[in-house]
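Chemist: This is the structure I have questions about; it appears just below.
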Amino acid sequence: MGTLSNKIALVTGGSRGLGREMVLAFAKAGADVVIASRKIEACEEVAREVEMLGRRALPIAAHVGKWDDNDRLADAAYKQFGRVDILVNNAGMSPLAPSLAETSEALFDKVVDVNFKGPFRLSVLVGEKMVAGDGGVIINFSSTASFKPEPHTIPYGGAKAAINAMTVSLAKAFAPKVRVNCIAPGPFLTDVSTVWRENKAYEQSLGLKRFGQPNEIVGTALYLASDASSYVTGQVIRVDGGTW
């Protein structure tokens, strides 16, 4: 399971956290990787790690919340490698407003742009090329917030619920040549977990009584990216330690 020999993978949000773990895991499994995030220096650092593993890497600065950046990202990936076999829409953001009434239009739009608009645009650009070529795999990233609506996460949870729906819609649109699935992570100890990582009550409410380590996303990502999941499409898989 998990062999990606000579595949081309594009990972957004690939310079840190879960994205970085997937980039390195894909490279170890034999893939060349396009690494996209807003900061080119961070992308270049991970690209050097990929190259040390003997694989090719293309670092690209792109803001997935901007329509044109997704077009430019897709164009650069195809210009460099000629194809994309695996697309991972991992980039996301979940800023909190002081209150529901104080949620600004700008913040609402930013959350929806990064978490839904960008993945939609990039999936369509890459997915249609996959259909016209030899097929491929798209892996979207949702969140357990899409299943457990809370008052303080309405824009974020709503955008991630839209990703769940988009996953099924695109699986239908691009079948049978492209499989489209989704990972819905729970609480992982990445660099954005500082707000809640010391919340022991939250930790003990999980089925496994602990938060996830970033490398624990790798098994599911490799499964969905590889032929091990060849009969799986249109699914949202929760990797959340038992968030009930």
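Just so it is clear, none of the values below were taken in a lab; they were calculated from the coordinates. Only a predicted model underlies this, so the values are computations on that prediction, with no experimental measurement involved. Using ideal geometry, Cβ is built from the backbone for each residue, glycine included, and neighbour counts are taken over all protein chains shown.
Chemist: Would you mind checking which residues have amide H under 5 Å from Gly212's amide H? H placed 1.01 Å from N; only 5 or more apart, or other chain.
Modeler: Phe188, Leu189
Chemist: Something else about it: Nearest 20 debye, what's the magnitude of the dipole of the range 164-244 about its Cα centre given +1 on Lys and Arg Cβ and -1 on Asp and Glu Cβ?
Modeler: So the dipole magnitude of the range 164-244 works out to roughly 220 debye.
Chemist: Right, something else. Given the range 168-244, report the % of alpha carbon pairs whose separation exceeds 22 Å.
Modeler: Counting every Cα pair in the range 168-244, those more than 22 Å apart make up 36 percent.
Chemist: On a 0 to 90 degree scale, rounded to 10, what angle separates helix 118-132 from the longest Cα axis of the chain?
Modeler: 30 degrees
Chemist: To continue, here is another question. Expressed as an acute angle from 0 to 90° and rounded to the nearest 10, what is the orientation of the C-alpha long axis of helix 67-81 relative to the principal long axis of the chain?
Modeler: Tilt relative to the chain: about 30 degrees.
Chemist: Between the range 93-159 and the range 203-244, what's the alpha-carbon centroid distance in Å?
Modeler: 18 Å
Chemist: Run the numbers for Asp71 and Val192: contour at 0.36 nm per residue of separation, minus the present Cα-Cα distance, in nm.
Modeler: Gain on stretching Asp71 to Val192: 40.8 nm.
Chemist: Divide, for the range 39-103, the radius of gyration over alpha carbons by 2.2 N^0.38 Å, where N is the residue count.
Modeler: Relative to the 2.2 N^0.38 Å estimate, the range 39-103 comes out at 1.46.
Chemist: In degrees from 0 to 90, rounded to the nearest 10, what is the angle of the helix 40-52 Cα long axis to the longest principal axis of the chain?
Modeler: It is inclined by approximately 50 degrees.
Chemist: Here's another thing I want to ask about it. Bin by bin, in steps of 10 Å, what percent of the Cα pairs in the range 10-123 do you find, going until the bin that has the longest distance?
Modeler: Final binned percentages: 15, 45, 27, 10, 3, 0.
Chemist: Build a GNM of the chain with springs between Cα atoms under 10 Å: which of Val88, Val64, Val178 gets the top mean-square fluctuation?
Modeler: Looking only at Val88, Val64, Val178, the largest GNM fluctuation is found for Val178.
Chemist: Which is farthest toward the positive dipole end of the range 26-146 among Ala101, Val111, Ser123, measuring Cα position about the Cα centre, with Cβ charges +1 (Lys, Arg) and -1 (Asp, Glu)?
Modeler: Of the listed residues, the answer is Ser123.
Chemist: If you don't mind, there's one more thing I want to ask. About its Cα centre, what dipole magnitude does the chain give when the only charges are +1 on Lys and Arg Cβ and -1 on Asp and Glu Cβ, stated in debye to the nearest 20?
Modeler: It works out to roughly 420 debye.
Chemist: With θ set to phi - 60° and the Karplus curve 6.51 cos²θ - 1.76 cosθ + 1.60, what are the ³J(HN,Hα) couplings of the range 92-98 in order, to the nearest whole Hz, using x for Gly and Pro?
Modeler: Ordered by residue, 3J(HN,Hα) equals x, 7, 9, x, 9, 8, x Hz.
Chemist: Rg to Rh ratio, the chain, alpha-carbon atoms and Kirkwood radius?
Modeler: Reported Rg/Rh (Cα atoms, Kirkwood Rh): 0.95.
Chemist: Can you work out the Karplus-derived ³J(HN,Hα) for every residue in the range 176-184? Use 6.51 cos²θ - 1.76 cosθ + 1.60 with θ = phi - 60°, whole Hz, and x for glycine or proline.
Modeler: For the range 176-184, the Karplus curve yields x, 7, 10, 8, 10, 9, 9, 10, 10 Hz.
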